Every structure is written in structure tokens, then in C-alpha cells.
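Asker: I'd like to ask you about the structure that follows.
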Amino acid sequence: MSPRRAPVQINDEAALRAQGITPELARRMGGFGNFAISFSVICILAGGMTLFGFGLNTGGPVVMMWGWVAIGFFTLLLGLCLAEVTSAYPTSGALFFMADRLGGPRWAWVTGWLNLLGLIGAICGIDYGAALFVGAFANLQWGLVPTVWTTFGTFALILLLHGLLNSFGVRLVNVLNSISVWWQVFGVLLIVGMLTLAPAEHQSAEFVFGHFNNGTGFTNPLYVAALGCLLAAYTFCGYDASSHLSEETTQAQTAAPKGIVRAIAWSWAAGFVLLAGMLFAIQDYDGTLGTSTGVPPAQIFIDVLGTGVAKGLLLVVIGAQFFCGNAETAAASRMAYAFSRDKALPFSSTWRRVSHRTRTPIPAVWLCVGAALVLAVPSLYSPTAYAAVTAINVIGITPAYAIPVYLRLRAGDRFQPGPWSLGRWSKPLGWISVVYVTVLTVVFCLPQASPITVESFNYAGVTLIAVLLLAWVMWITQGKRNYKIPPLGSEAENHALAGGVI
């Protein structure tokens, strides 16, 4: 019998220095923690539950279920391709750093601004969704009727808590993410199990996998189905968190890629179970959509299990959403820190500061929290603003995923893979992923409700154009003069990075 091969050990600090970066952040996260942050950010109990009503209205069960299957499959392909590039460039800058190394500073500049927009949009969408569920709980517990102002106040409080928790360092973030994994897994099992075993009537498989519902005002079913996929596309966002936390992860060149892929795969499976369990349990379709709680999943819990149990399940969902927003805040702050480290943001010298005590970029944490608060202000005046924020998240962050993959394809043999590689599958999967992201980006810039008015207009595309114009102006005025990622390290360090082992 041949001896068992010892696990490959990677010198993380040398790999980082090979990219010209001096380690500043505390490397206290293991492989499970790296997986946990992406799994926490994807959070099926956040995206899947928050946009559940949107899915019921925009295509209904057939789009929700099959859209989840299709979007999850293509997201897994995209995640595999992004994981390969992450293995070669394990830095907090992640996507924009990859784009710079593979395509140059202009590509990096656009990628960075898109990624930052998407990450801040994700914080806003997740925490605002949590505020909606808190409002539903308050309605059941104390009879309080949620208003836009109470929801916004709750949202601001949640943001404040996430800013405080992320200021204590990555060790606490790591612990909370680990709790989040099991909270989500057991939360899904608890919700689906109770809904399945309840004595109430259940919908047929034909309904769950075949019923189409269109409340958008548009008449083209294919158009409506495409819009309905926002539920899945929004949920499957944020797995770049594993990349952004790679400077704080041990054995990052293998742990971060595995974290991305495993988070997507587990979320895909668990989300399918959750959506199916919820749809089978619907008692009154119109009543669920028009619930006085403002949260359709809460109405399903009430109809099937009663108010008392419904309140308990809402707390499970709220807890998962809270963990999710906290993890997203961590990922976004690392992106802002790295972008500022390379002088890409106004007042970069402030946002790139790292606490000597916790070795955490605290100013970047509060920058992201504050920007998320500002992004949600239109929700006080427009009923469709929340849907627009979710679309901003998708169309901001998803193209940013595809750009490094495209540049890796364009680089060809010039790309030096890390120890985690797709081999001969890299090119075909890469092109499929790039085409998928292109189509997805176009779809989510389209109007989501008819007739199109000032209140119902989808401002996501306008916001995207505005951010790109802002990025272009800032590039002309200061970016091309100030922005610069560090030069590569020594020849020995570069060799170590390419091979992945020292």
C-alpha cells in the first residue's frame, strides 16, 4: 500500500506578497469559515423569503421553481470559473484586482465600481428585507401596522448593529458566520418539516411545478418569466465574499475557491427544498399576496400553523437575515478597504485605515453601512424602490463576476492558474458564464411593472448608467492619475504563487 499523501501546504503570506501586497489584516479564518461567509451572504432565508411575494406575482410557482433550477445551474458554472481566478489572486480586492492583473487598470476601475455598487445594494436589500419581516412580526405580536417610516427606522437600526459587530474584528464575524450556516440549515428543515407535517391541505405537484401567475401588467409570458427569475438571481449573489475575505483565510488559494463553489451548491439544494415546501403549503393564493402583514411567507405560516407558531418561524427567518446582512457588510467593507488601498475612492486615506487592535478596516465598514442607508432613502417615497434595489444588486454585482472570467479567457495561456484549476473545462464553462451574465444583465434593466409610471419605473438601469458615468468622470479627473495596484513581488514569490506551494 502506497503511503498517504500529505496535504499541500500553502504559504499565504508569500502568496499575498507575490502580488505586491503587504499583509495587514488578521488571518484567522479557516476553510469552513470562508465557506460560511458566502453561504451566509447567499442566505436562502433572506433572498428566497424576502422576494417570495415578488415571485408569486411575477410568474408564480412554475417560474419560481424552474427559475431556481436554471439560475442555480448557471450560477454554479459562473462560480466555478470565478473560483479558478480567485485561486490565482487571493486578495481582498478580489474582482477588481483580478481585472487589473488580467486586463489593466481601466477594466479594474469599472469592475471595482460595479462590484462596490452591487455589494452596497446587497446590504441595503438584505437589511431592508429583514426590516420588513420585523414589521410582520410586530404586526402579529403587538398589532402594529408597518409603515414606510417604521420599516426604514428598523432598517437603520439593523444597519447600526451590523456596523458595530463588524467593528470588533474578523474573529467575531467568523463565529457569527459559523452559527449562520447551521441556523439556515436547521431553519429550512424546521420550516419545511412543519409545513409538510401540518394537517392543512397541500397544493398538488402540478400547481407547484406548473402554475403560472402574472400580476405585472405585461402580457408576454416569456417576458414575465424572465423578470420572475430575479428571485433566484438576487438570492444567488454575494459568493464573492469568499474572495474578499481571502486575505483573512488560511490556505486561501484552495479554501476560497472551495468556499465559493460549496456555498453555491449547498444553497442551490437547500433553496429548492425551501421554495417547494412553501409553495406546497399555500392555502389562499390571493390572500397570501395581499396579506396585511406585508410579508407573504408570514401569511403561509399563519394559515397552516396558526399565529403563535408563525411568530416563532418569523424569528427564525429574521435571525437568518440578520446573519446574512452582517456577512455582506464584512465582504463589502473588505472590497471598499482594498479599493481605497489602491487609491480608487475619494478620501481613500480614510477608508483604507486598519484598526491596530482588531486589524479590521473599521472606517470602510461604516462607509458601506452609510452608503446602504442612503441607497434606501427612495423607499420612503416609491413602492417599487425595494425591487429596484434588488435589481441594482444583481446588475451591479453579476457583471463584476463575469469580467474577470472574460479577461481570463482573453488572456489564454498568459493566465497562470493557482492550485485550484478547472483545466480543460475552463474555456467552455467560461464562455457559457459570460453569455449568461450578459443576458441576465439586460433582463434586469427592463421594466418590472406595467403601466410604466414614475412610481413603477425600474431605476436599476438608470442607477447603473449613473454609476458608470460617475466612475468614468472620476477616472478622468483622478483615477488615471492616482489609482495603481502594487507591482508584482519578487521572482521567487511569483513562482510560489503560480505553483501555489512553498
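Every number in this text was worked out from the coordinates using simple rules, so none of it is lab data. As the structure is a prediction and not an experimental result, all values here were calculated from the model. Every residue, glycine among them, receives a Cβ derived from its backbone with ideal geometry; neighbour counts consider all protein chains shown.
Asker: Measure nothing but the geometry: give the 0 to 90° angle between the long axis through the Cα atoms of 426-443 and the longest principal axis through the Cα atoms of the chain, rounded to 10°.
Answerer: 50
Asker: Something else about it: Can you give me the relative contact order of the stretch 27-483 as a percent, contacts being Cα pairs under 8 Å and 6 or more apart? Mind dumping the intermediate values first?
Answerer: Numbers: 826 pairs, mean separation 152.8, N = 457.
Rounded, it is 33 percent for the stretch 27-483.
Asker: Also, I was wondering about something else. Where in the stretch 317-361 is the amide nitrogen less than 14 Å from a point lying 7 Å along the Cα-to-Cβ axis of T22?
Answerer: Residues passing the 14 Å test: 341-342, 353-354.
Asker: To the nearest 10 degrees, how steeply does helix 252-280 sit against the main Cα axis of the chain, on a 0 to 90 scale?
Answerer: 10
Asker: Can you give the longest stretch of the chain with no exposed loop site, where a site means chymotrypsin sites (Phe, Trp or Tyr not before Pro) in a DSSP loop (not H, G, I, E or B) with at most 13 other C-beta atoms within 10 Å?
Answerer: Numbers: sites that count: F212, F347, Y381.
Counting only loop sites that pass the neighbour cut-off, the longest clear stretch is 1-211.
Asker: On full extension of the chain, what length is gained from L488 through S292, given 0.36 nm per residue of separation minus the C-alpha to C-alpha distance?
Answerer: Working: separation 196, 0.36 × 196 = 70.56 nm, distance 5.80 nm.
Answer, rounded to one decimal: 64.8 nm.
Asker: Grab the beta carbon distance between Q283 and L189, set R0 = 22 Å, and tell me the FRET efficiency rounded to 0.05. Display every interim value, and only then the final one.
Answerer: Working: r = 22 Å, r/R0 = 0.98.
Step by step, r from the Cβ atoms, then E = 0.55.
Asker: Continuing with the same structure: As I understand it, the dipole of the stretch 27-483 uses +1 on the Cβ of Lys and Arg and -1 on the Cβ of Asp and Glu, about the Cα centre. Which of T75, L51, A276 lies farthest toward its positive end?
Answerer: Value: T75.
Asker: Magnitude of the Cβ-charge dipole of the stretch 27-483, K/R +1 and D/E -1, about the Cα centre, nearest 20 debye? Numbers along the way, then the final one.
Answerer: On the way: 22 positive and 15 negative charges, 407 e Å.
Approximately 1960 debye in magnitude.
Asker: Further question on the same structure: V148 to L172: extension gain in nm, 0.36 nm per residue of separation minus the Cα-Cα distance? Please report the intermediate quantities before stating the final value.
Answerer: Working: separation 24, 0.36 × 24 = 8.64 nm, distance 3.21 nm.
Taking 0.36 nm per residue and subtracting the Cα distance, the gain is 5.4 nm.
Asker: Also, I was wondering about something else. Are there cysteines in the chain with no other Cys C-beta under 4.7 Å, and if so, which?
Answerer: Among the cysteines of the chain, those whose Cβ sits 4.7 Å or more from every other are C81, C124, C229, C237, C368, C445.
Asker: Can you tell me the FRET efficiency between L157 and R481 if r is taken as the Cβ-Cβ distance and R0 is 45 Å, rounded to the nearest 0.05? Each step should come with its number before you reach the end.
Answerer: Values: r = 40 Å, r/R0 = 0.90.
E between L157 and R481, to the nearest 0.05, is 0.65.
Asker: Describe numerically, in nm with one decimal, the distance between label points set 7 Å from Cα along Cα→Cβ at F209 and at I465.
Answerer: Rounded to a tenth, the inter-label distance reads 4.2 nm.
Asker: Tell me the mean residue ellipticity at 222 nm calculated for the chain from its helices only (DSSP H runs of n ≥ 4, each -39500 (n - 2.57), averaged over every residue, nearest 500). Provide the component values of the computation, followed by the final result.
Answerer: Working: 23 runs with 343 residues, N = 502.
For the chain, the value works out to -22500 deg cm²/dmol.
Asker: Another question about this same structure. Work through the residues other than E201 whose Cβ is under 13 Å from its Cβ and net out their charges, Lys, Arg +1 and Asp, Glu -1. If you can, show how the numbers build up before the last one.
Answerer: Numbers: positive: none; negative: D284, D303.
In short, -2.
Asker: Pulled fully out, how much extra length does the chain show between S349 and A198, if you take 0.36 nm times their separation in residues and subtract their Cα-Cα distance? Spell out each step's value before the answer.
Answerer: Working: separation 151, 0.36 × 151 = 54.36 nm, distance 5.71 nm.
Roughly 48.7 nm would be gained on extension.
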